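Asks: My structure is below; once you've seen it, I'll send some questions.
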Amino acid sequence: MKHLSSLLMGFLMLLLFLGCDQGAAHRSEKSKQKPNVLFIFADDQRADALGASGNTYIRTPNIDSLAANGVRFTNNYVMGGHHGAICAPSRAMLLSGKSLFHVYDRLKGVTTMPMYFNKFGYKTFGTGKWHNEPEAFEASFQNGKNVFIGGMSDHFNVPCQNLGPNGKLGEKAKKGFSTDLFADAAIGYLNDYAEGDRENPFFCYVAFTAPHDPRSPRKDYIGMYPPETIPVPGNFKGLHPFIFDDFNVRDETLAPWPRTPEIIQESLADYYALISHLDQRVGDIIKTLKKQGLYDNTIIVYAADNGLAIGSHGLLGKQDLYEHSTKVPLIISGPGVPKQQTRDALVYLYDVFPTLADLCDLPEPEGIDGTDLTAVLLGEESGVRNSLYTVYRNTVRAVRTEDWKLIRYPQRDYTQLFNLKLDPMELNNLASNPRDKSKVDEMMGMLQEWYTVTNDTATMNPKTILPLEYDYTQLKQIPDRHQPEYTLRKYFKDDKLSGDKIPVH
């Protein structure tokens, strides 16, 4: 009897041990759960329009906090675009991991980043701007709310759709301010996810339309920044010194010519207000992650699709290859990511796809052009490329290294060379300086190599060379249908333009 009792006790101890072992295994399995991904995408935000980037005139505490808790890339670029709406190819490149001439702005039939993550068990949700085919959104996300298919709209009247149970986008409806619509949709999704079983990680894509124009902040943000307190950019010009493309592209018509310091200060005040509103809602989304116990296991990416001139070099838009228009924010934070770090490596926005795949322990995506930045992110490598290539339509090409940048205008047979280390504002063109001829030759050779590798389609040696001079009085400021009364009164005036031809400098 005593022997049986001992056997019974041993059996009970074995069961207890196995139970504990299973619990430990379960905890171990839970600890290995793949991280969630929250991707926050701004629209038309230049890289220096952040407090974290050293801008002391704008207030972005929540995005700055992301940077403090992660890694900020100081040289992140969009490759460019083949038409004036840079947003569309930029988003196609980001979501496909492909370079411009391998995807353009067409995502239909292409494996996108959310599709790839869903393939490996991620639940996918999208809200906000989708400037590519609606069929590509439907194929990319399992859930979607307040989805805007298009390039831009009045922030107060955004036509939004929801993704129905049948996987199709439903009827359009206009409701509320854009930034709030998209933030509220993301918050709603995160709350619903937290109330579920949480077995599968999520991939949540939040694409704001701010600070893209119309420069019409929500009423309570108007006046947040007194225009007279905001300095114009250090490379401000009233007019661009030469013409290189269509200067009547819609972005450039948002203020009269010549640009004045006052109109640029007004534009920046509204632009910064839109960004601060966006920052507030980013903070609300992050608070939701923390409240629901999701923050510690969520990789957060903050980026933008392209920059903007807003007075720099006499331009307003992003249809050029200066730093202010091609360089964009990129911040990555989350589990395993170093804190309070910056990286100066030359990177593309489309490098994010393979980087996130690596961070989430997914197989390396095939058939893409992006490069995994994980080693740079973790501080194990200083970079992934020695130079970087940007393009705009068939009219401008540029290549930059750590210290130098060359911009080539083939249709005008004109070249700019800037020493970015000494001249980050790109004001002193060294291309005609005999002492820098060898650098021009070196950079031109590098540009030609990139042209070949990227399958560029532009004609670099056209038979006809166009003039550099232009008459700005022939440019017409015509508002598009999306500008509300606030911007019409402020930026579209009937004063007649006057002036002469611009001499080339």
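Asks: Taking only pairs six or more apart or across chains, which ones have beta-carbon atoms under 9 Å, a first residue in the stretch 96-120 that is touching a residue at least 40 places away in the same chain (Cβ under 8 Å) and surrounded by fewer than 22 Cβ atoms within 10 Å (Cβ to Cβ), and a second residue that is in a loop (DSSP other than H, G, I, E, B) and of a type in the set (S, T, Y)?
Replies: Taking only residues 6 or more apart or on different chains, the pairs are F101/T454; F101/T457; H102/T454.
Asks: Going through P227, P261 one at a time, which residue ends up being in contact with a helix residue (DSSP H, G or I) (Cβ under 6 Å, 6 or more places away or on another chain) and either among the aliphatic types (A, V, I, L, M) or farther than 22 Å from A303 by Cα (or both)?
Replies: Testing whether each residue is in contact with a helix residue (DSSP H, G or I) (Cβ under 6 Å, 6 or more places away or on another chain) and either among the aliphatic types (A, V, I, L, M) or farther than 22 Å from A303 by Cα (or both) leaves just P227.
Asks: Output the number of the condition that N297 fails; it satisfies all remaining conditions of (1) polar (S, T, N, Q); (2) under 25 Å from A186 (Cβ atoms); (3) surrounded by 22 or more Cβ atoms within 10 Å (Cβ to Cβ).
Replies: (3)
Asks: Then there's this: I'm trying to understand the selection: among the residues of the stretch 411-438, which are surrounded by 18 or more Cβ atoms within 10 Å (Cβ to Cβ), out of contact with any Lys or Arg (no Cβ under 6 Å at 6 or more places or on another chain) and either in the same structural domain as A309 (by TED's automatic domain parsing) or not aliphatic (A, V, I, L, M) (or both)?
Replies: Q411, R412, Y414, Q416, E426
Asks: Return the total of residues in the stretch 387-441 being of a type in the set (G, A, S), in contact with a strand residue (DSSP E or B) (Cβ under 7 Å, 6 or more places away or on another chain) and either without any contact (Cβ under 8 Å) to a residue 24 or more places away in the chain or outside any loop (DSSP other than H, G, I, E, B) (or both).
Replies: 1
Asks: Give, as residue ranges, the helices (runs of 4 or more DSSP H) completely inside the stretch 311-377 that count at least 2 residues that are touching a Gly at 6+ places or on another chain (Cβ under 8 Å), among the polar types (S, T, N, Q) and crowded, with 19+ Cβ neighbours inside 10 Å. Spell out the reasoning first.
Replies: On the way: elements: 323-326, 352-359, 374-377.
Output list reads 323-326.
Asks: Just one of C87, C160 is of a type in the set (A, V, I, L, M, F, W, C), touching a His at 6+ places or on another chain (Cβ under 6 Å) and surrounded by 23 or more Cβ atoms within 10 Å (Cβ to Cβ); which is it?
Replies: Working: C160 fails: touching a His at 6+ places or on another chain (Cβ under 6 Å).
Residue meeting the stated conditions: C87.
Asks: Now, a different point. So which residues in the stretch 36-68 are within 16 Å of the chain's Cα centre (by Cα) and aromatic (F, W, Y), if there are any at all?
Replies: Those that are within 16 Å of the chain's Cα centre (by Cα) and aromatic (F, W, Y): F39, F41.
Asks: Related question: List every residue pair whose Cβ atoms lie under 9 Å apart, where the two residues are 6 or more positions apart in sequence or sit on different chains, the first residue falls within the stretch 207-221 and is at positive phi, and the second residue, located anywhere, is part of a loop (DSSP other than H, G, I, E, B) and not basic (K, R).
Replies: Here the result reads none, with nothing in the stretch 207-221 linked to a residue that is part of a loop (DSSP other than H, G, I, E, B) and not basic (K, R).
Asks: Which of the numbered conditions does K287 fail, given that it passes all the others? Conditions: (1) within 22 Å of I58 (Cβ to Cβ); (2) touching a helix residue (DSSP H, G or I) at 6+ places or on another chain (Cβ under 7 Å); (3) surrounded by fewer than 22 Cβ atoms within 10 Å (Cβ to Cβ); (4) not aromatic (F, W, Y).
Replies: Just one mismatch for K287, condition (2).
The values are calculated or read from the model by the stated rules, or taken from the named source; none is laboratory data. Here the structure is a predicted model, which is why all the values come from computation and not from measurement. In this analysis, Cβ positions are derived from the backbone assuming ideal geometry, glycine residues included, and neighbour counts consider all displayed protein chains.
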